[in-house]
Amino acid sequence: MNLFRRPAPSLDDLILDAPHELPSESLMPTVARPAQVFVRGQGSWLWDSEDRAYLDFSQGSAANSLGHSPQVLINALAGQSQALINPGSGLHNRAQLNLVDRLCQHTGSDQGYLLNSGAEACEAAIKLARKWGQLHRGGAYRIISASTGCHGRSFAAMAASAGAGASRFEPLLPGFSHVPFNDLPALHAAVDAQTVAIMLEPIQSEAGVIPATEHYLKGVERLCRELGILLVLDEVQTGIGRCGTLLAEQQYGVRADIVTLGKGLGGGVPLAALLARGKACCFEAGELAGTHHGNALMAVAGVAVLDTVLANGFLQHVRESGLYLGEGLARLAYRYDHGQLRGHGLMWGLTLSDDCADAVVKAALHEGLILNAPQPDCLRFTPALTVSKSNIDEMLVRLARAFARVRTAQLQCRKGIAV
């Protein structure tokens, strides 16, 4: 027996050559981050402190809708910062009014309100729905959402999400129930006299990029109209052109009473919006506020992003690039025996043949490619809406190398090969 035999290497060792991690004692470990420190970005590219370039197909989990440091955003922020940053949420500013007017005009909404994050927007939507229930539905307050949905990590949003890990923060806010996604009979069965709203994502991004079927979402809208309850669509991830239309609801031919926006609206700065239509417009003064809500600096970023997305030909580019990306991913999935590809526009999820998504993300980083994995068996692709076909081609080359690296590492682990 060889007592000095080296233990078999781990999958991470084989993929990453066991890099040294930077000290991080001062930073709360709420997110698992790689060791690299990133110092600049441009378009679809990021550079770390060692001046190594990475192709970014996550873009801050879809927040950087126009890519890293787009000139239109730089100019807007620079100009606004010299004039007015935050006059206070109790005062009007021109950028705030411009953005709310544009959002309402182009989404067919009657009122809008600007916030800092998608989770805040979903919290506000829950408040608005319950306020409406007090006024128009005899105090009804229950909200039905999908069991695999994600509406944020603040308290009410977390209760609406019922995601993994929520039990660590119990007791959660009451008044929420959850039913399987894309299951109309389950939804019908869950509605009762205390139900005020149904709250859904058109595409469940964190669950693995799972789109609602058209039959389902139209059926949900019809149910809400028949029963006189509100339809709330969480478009934090799907809105602002991500799916090839300004809002994903336009692809489905439905119309929500309340819509939440975030992520891509600010193009990388913290900005979100709550939109309300018709009967859902019932907030009064003092019922929703925040120190930085609608501040001029963030609002002008939203104006710059929205004007860019609405420019002639932009959404057509998103649709064409999305098809090109989907076709390329489908070819790779077939070559490496992976599974289903799901998505719309420039939001795609690729199901893998086993729970190796984290290993692929690490291998991709080694190849200079940034991806994320919302589920153990799923990769998510949310590149800049401005992504070029050459960027997509380069990404596919690097992803193929990552797949090959993981496959080789898995085989070596199974054989117990030491390095």
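Each reported figure results from applying straightforward, stated rules to the coordinates on display, with no laboratory input. Just so it is clear, the structure is predicted and the values come from calculations on it, not from any experiment. For neighbour counting, all protein chains shown are included, and Cβ atoms are generated from backbone atoms with ideal geometry for every residue, glycine included.
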Could you line up 405, 414 from fewest to most neighbouring Cβ atoms inside 10 Å? 414, 405
Sorted by packing (mean other beta-carbon atoms within 10 Å per residue), highest first, where do 60-71, 269-280 land? 269-280, 60-71
Can you sort 300, 360 so the residue with the fewest Cβ neighbours within 10 Å comes first? 360, 300
Roughly how far apart, in whole Å, are the Cα centres of the range 99-155 and the range 211-261? 13 Å
Quick one: net charge around residue 347, please, counting Lys, Arg +1 and Asp, Glu -1 for every other residue with C-beta under 13 Å from its C-beta. +2
In the chain, which whole DSSP H runs stretch at least 30 Å along their own axis (Cα) and average -1.0 or higher on the Kyte-Doolittle scale? 314-335, 389-415
Pair residue 250, residue 102: separation of 7 Å Cα→Cβ label points (nm): 1.4 nm
Just add up the charged neighbours of residue 159: K/R +1, D/E -1, any other residue whose Cβ is under 12 Å from the Cβ of residue 159. 0
Setting aside same-chain residues fewer than 8 positions from residue 218, which lysines have a Cα under 30 Å from its Cα? 127, 131, 263, 279
If we count other beta carbons within 10 Å of each Cβ, what is the order of 308, 107, 408, fewest first? 408, 308, 107
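Just to verify a number: FRET efficiency for residue 289 and residue 53, C-beta to C-beta distance, R0 = 41 Å, to 0.05?
Once rounded, the FRET efficiency stands at 0.45.
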Reach of residue 389 by Cα under 20 Å, taken over aspartates and glutamates that are not fewer than 8 positions away in the same chain: 56, 320, 327, 367
Determine the sum of side-chain charges near residue 175: Lys and Arg each +1, Asp and Glu each -1, restricted to other residues whose C-beta is under 14 angstrom from that of residue 175. +3
Diagonalise the Cα gyration tensor of the chain and give the resulting equivalent ellipsoid semi-axes, square root of 5 times each eigenvalue, largest first, whole Å. 38, 26, 21
Order by protection proxy (mean Cβ within 10 Å, highest first), peptides 381-393, 323-335: 381-393, 323-335
